[in-house]
Amino acid sequence: MYGSDLKGGFVDIGYDLFHDRATLKTTFIEADIFDPESKLKPLEGTVDIVHASSFFHLFDWDDQVNAAKRVVQLLKAQPGSMVVGRQIGHVDAHAVVHRFLSGKTLFRHNVESFAKFWKQVGDETNTSWEVDAKLDDENLADKFGAKHEEVPDGTRWLMYSVRRV
Ligand SMILES: C[S@@+](CC[C@H](N)C(=O)[O-])C[C@H]1O[C@@H](n2cnc3c(N)ncnc32)[C@H](O)[C@@H]1O
């Protein structure tokens, strides 16, 4: 099992939190998903399942496509390879303006846009993907709305698994 993040400092925080520095068998790799020459390169074509939670939603549509295309390169090029996770979505798919990165937008998917997104990723990588996604019932605006203005009514967790066919 491998874990990866842009910021290697999170790995130390994790070891401190879970007290498992001496026992955890995971290999952690500090890498930028958008860098094709990162330390993830040796893993290309070797991964069975990528768990990407609260991740694609960090980016606009085009960068989500770029990130997903990199994920496709990391996965084994065979049916059954999977991407699973959970991210913030919305009943009406739309881009939201980033809270503090000026000019940046984040794309919030619903089930339909997420399927369209993976169709595009498939078309651009000559691969096919079966998308199973659903929006949770809980309205995140009720949970976070008071603190975060970018959590409007209709914001939900989108849970998904995407399987190469
Ligand atoms: C909201 S956190 C989610 C972390 C974890 N997957 C979870 O569900 O708790 C998003 C993570 O993506 C990382 N990240 C942001 N941009 C990245 C990039 N270009 N490449 C790799 N990781 C990135 C951030 O450093 C951050 O730790």
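The values are calculated or read from the model by the stated rules, or taken from the named source; none is laboratory data. The shown structure was predicted, so the numbers you read here are calculated from the model rather than taken from an experiment. Every residue, glycine as well, gets a Cβ built from its backbone with ideal geometry; the counts of neighbours run over all protein chains shown. Ligands, DNA and RNA are stripped out before the accessible areas are found, and what is left, the full protein with its side chains, is counted by its heavy atoms. Shrake-Rupley method; radii C 1.70, N 1.55, O 1.52, S 1.80 Å.
Brief remarks follow.
- First in segment 3-26 and within 22 Å of residue 40 (Cβ to Cβ), second anywhere and assigned to a strand (DSSP E or B) and open to solvent by 90 Å² or more (accessible area, probe 1.4 Å), Cβ under 8 Å, 6 or more apart: 4/30; 5/30; 6/30; 7/30; 8/30; 11/30; 26/2
- Scanning segment 59-75 for residues that are away from the ligand (no atom under 12 Å from the Cβ), open to solvent by 20 Å² or more (accessible area, probe 1.4 Å) and not in a helix (DSSP H, G or I) yields one hit, 60.
- Residue tally, condition touching a residue at least 12 places away in the same chain (Cβ under 8 Å) and either polar (S, T, N, Q) or part of a helix (DSSP H, G or I) (or both), over segment 121-131: 5
Quick grid of which residues meet (1) over 18 Å from residue 119 (Cβ atoms); (2) more than 17 Å from the chain's Cα centre (by Cα); (3) among the hydroxyl-bearing types (Ser, Thr, Tyr):
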{"site": "7", "(1), (2), (3)": "yes, no, no"}
{"site": "19", "(1), (2), (3)": "yes, yes, no"}
{"site": "26", "(1), (2), (3)": "yes, yes, yes"}
{"site": "40", "(1), (2), (3)": "yes, no, no"}
{"site": "83", "(1), (2), (3)": "no, no, no"}
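- Given (1) surrounded by fewer than 17 Cβ atoms within 10 Å (Cβ to Cβ); (2) modelled with pLDDT of 95 or more; (3) touching a strand residue (DSSP E or B) at 6+ places or on another chain (Cβ under 8 Å); (4) assigned to a helix (DSSP H, G or I), index of the condition residue 141 fails: (2)
- Enumeration of residues in segment 144-165 that are within 16 Å of residue 50 (Cα to Cα) and part of a loop (DSSP other than H, G, I, E, B): 165
- Selection count where residues are under 18 Å from residue 161 (Cα atoms) and either in contact with a His (Cβ under 7 Å, 6 or more places away or on another chain) or not in a strand (DSSP E or B) (or both), scope segment 94-120: 12
- Once segment 1-12 is narrowed to residues that are of a type in the set (Gly, Ala, Ser) and not in a strand (DSSP E or B), the residue that is most open to solvent (accessible area, probe 1.4 Å) is 9.
Let's see how each residue does on (1) within 13 Å of the ligand (Cβ to nearest atom); (2) surrounded by 15 or more Cβ atoms within 10 Å (Cβ to Cβ); (3) among the hydroxyl-bearing types (Ser, Thr, Tyr):
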{"position": "14", "(1), (2), (3)": "yes, yes, no"}
{"position": "26", "(1), (2), (3)": "no, no, yes"}
{"position": "30", "(1), (2), (3)": "yes, yes, no"}
{"position": "46", "(1), (2), (3)": "no, no, yes"}
{"position": "50", "(1), (2), (3)": "yes, yes, no"}
{"position": "57", "(1), (2), (3)": "yes, yes, no"}
{"position": "77", "(1), (2), (3)": "no, no, no"}
{"position": "88", "(1), (2), (3)": "yes, yes, no"}
{"position": "97", "(1), (2), (3)": "no, no, no"}
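- For segment 32-44, filtering for residues that are more than 15 Å from the ligand (Cβ to nearest atom) and open to solvent by 80 Å² or more (accessible area, probe 1.4 Å) leaves 1.
- Listed by first and then second residue, the pairs with beta-carbon distance under 7 Å, at least 6 apart or on different chains, first residue in segment 76-94 and under 11 Å from residue 56 (Cα atoms), second open to solvent by 40 Å² or more (accessible area, probe 1.4 Å) and of a type in the set (Lys, Arg), are 89/156.
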